[in-house]
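The values are calculated or read from the model by the stated rules, or taken from the named source; none is laboratory data. The shown structure was predicted, so the numbers you read here are calculated from the model rather than taken from an experiment. Here the Cβ is made from the backbone with ideal geometry for all residues, glycine too, and neighbour counts use every protein chain on show.
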């Protein structure tokens, strides 16, 4: 159930607007039968036309302990994963072995992303072709030290 919810969430977030808000705190609520329920890990709520006038938020606050002011809008983002390749015992080795694990996790969870981009050039090419989509990219220490990603962001 959590994976389906997370997959739904990640597929419908966008870079410039949010149809979903995240409430990352535990809360209690009354269900349709007026039975008290608890949500241990928080949740996310969909925004639609009927919620814009505030009536649904008021209803949500009346039946739950949710403090809507603490909710966060969800947007597509770029995710950078540090990857430092070093020659170790004569072989190229990524010193952060978790980098590939994180890449695989995001690619499998965020079904909009088909692969983890490898470095600045892959990232820049992807952003030219997909300016409004988030990306997952492995970045090197050199790219970070030289601020090359920040220079690209300022140019746009």
>> I'd like to check something: does region 53-66 contain any residue that is within 20 Å of residue 119 (Cα to Cα), at pLDDT 80 or above and surrounded by 12 or more Cβ atoms within 10 Å (Cβ to Cβ)?
In response: no
Take residue 8 and tell me if it is at pLDDT 85 or above, not in a loop (DSSP other than H, G, I, E, B) and not assigned by TED's automatic domain parsing to the domain that holds residue 134.
no
Scanning region 101-132 for residues that are free of Cβ contacts under 8 Å to residues at least 12 places away in the same chain and in contact with a strand residue (DSSP E or B) (Cβ under 7 Å, 6 or more places away or on another chain) gives 126
Pairing a residue in region 44-63 that is closer than 19 Å to residue 31 by Cβ with any residue that is in a helix (DSSP H, G or I) and modelled with pLDDT of 70 or more, where Cβ atoms lie under 8 Å and the two sit 6 or more apart in sequence or on different chains, gives 45/60; 57/68; 60/68; 61/68
**Message:** Tell me yes or no: at least one residue of region 145-154 is over 17 Å from residue 79 (Cβ atoms), part of a loop (DSSP other than H, G, I, E, B), modelled with pLDDT under 85 and out of contact with any helix residue (DSSP H, G or I) (no Cβ under 6 Å at 6 or more places or on another chain).
**Reply:** yes
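Report yes if some residue within region 24-40 is surrounded by 14 or more Cβ atoms within 10 Å (Cβ to Cβ) and either at positive phi or modelled with pLDDT under 80 (or both); otherwise report no. Steps first, answer last, please.
First, the residues of region 24-40 that are surrounded by 14 or more Cβ atoms within 10 Å (Cβ to Cβ): 25, 27, 29, 39.
Next, from what is left, pick out any that are either at positive phi or modelled with pLDDT under 80 (or both): none.
Within region 24-40, not a single residue is surrounded by 14 or more Cβ atoms within 10 Å (Cβ to Cβ) and either at positive phi or modelled with pLDDT under 80 (or both).
Every residue in region 70-94 that is loosely packed, with under 14 Cβ neighbours inside 10 Å and at pLDDT 80 or above, please. Spell out how you get there, then give the answer.
So the first thing to find is which residues in region 70-94 are loosely packed, with under 14 Cβ neighbours inside 10 Å, and the list is 70, 72-73, 75, 77, 86-93.
86, 87, 88, 89, 90, 91, 92, 93 - these are the residues of region 70-94 that are loosely packed, with under 14 Cβ neighbours inside 10 Å and at pLDDT 80 or above.
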Condition set in contact with a strand residue (DSSP E or B) (Cβ under 7 Å, 6 or more places away or on another chain) and assigned to a loop (DSSP other than H, G, I, E, B), scope region 11-23, selection modelled with the lowest pLDDT: answer is 15
